[in-house]
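Contents: one structure, followed by commentary.
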Amino acid sequence: MRKVTVIFKNTQYNYTTSVNPNQTDEQIQRYFVGKHFNFGTDEKEDFQLCIAVKI
């Protein structure tokens, strides 16, 4: 597995995760960067914007 650090506009949400080792750097960037991810719950959504990925 490859490890990447996902970086958000609000840095308190940054995290490191494993990704498929067969994915290219470009594919990983396309998956994360510019997308919103929900860190909330059903009752209170908390969408955060990914601004970068450290590969």
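The values are calculated or read from the model by the stated rules, or taken from the named source; none is laboratory data. Source: prediction; values computed, not measured. Because the Cβ atoms are built from the backbone with ideal geometry, glycine has one as well, and the counts that use them run over all protein chains shown.
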Please enumerate the residues belonging to the range 23-34 that are part of a loop (DSSP other than H, G, I, E, B) and either touching a residue at least 24 places away in the same chain (Cβ under 8 Å) or exposed (fewer than 12 other Cβ atoms within 10 Å of the Cβ) (or both). Thr24, Gly34
Report, ordered by the first and then the second residue, all pairs with beta carbons closer than 9 Å, sequence separation of six or more or different chains, a first member in the range 1-22 that is without any contact (Cβ under 8 Å) to a residue 40 or more places away in the chain, and a second member that is surrounded by fewer than 10 Cβ atoms within 10 Å (Cβ to Cβ) and part of a strand (DSSP E or B). Met1/Ser18; Lys3/Thr16; Lys3/Ser18
Take Phe37 and decide whether it is aromatic (Phe, Trp, Tyr), touching a residue at least 40 places away in the same chain (Cβ under 8 Å) and touching a Phe, Trp or Tyr at 6+ places or on another chain (Cβ under 9 Å). no
I'd like to check something: does the range 35-48 contain any residue that is assigned to a strand (DSSP E or B), in contact with a Leu (Cβ under 9 Å, 6 or more places away or on another chain) and at pLDDT 95 or above? yes
If you scan the range 1-19, which residues turn out to be assigned to a loop (DSSP other than H, G, I, E, B) and surrounded by fewer than 10 Cβ atoms within 10 Å (Cβ to Cβ)? Met1
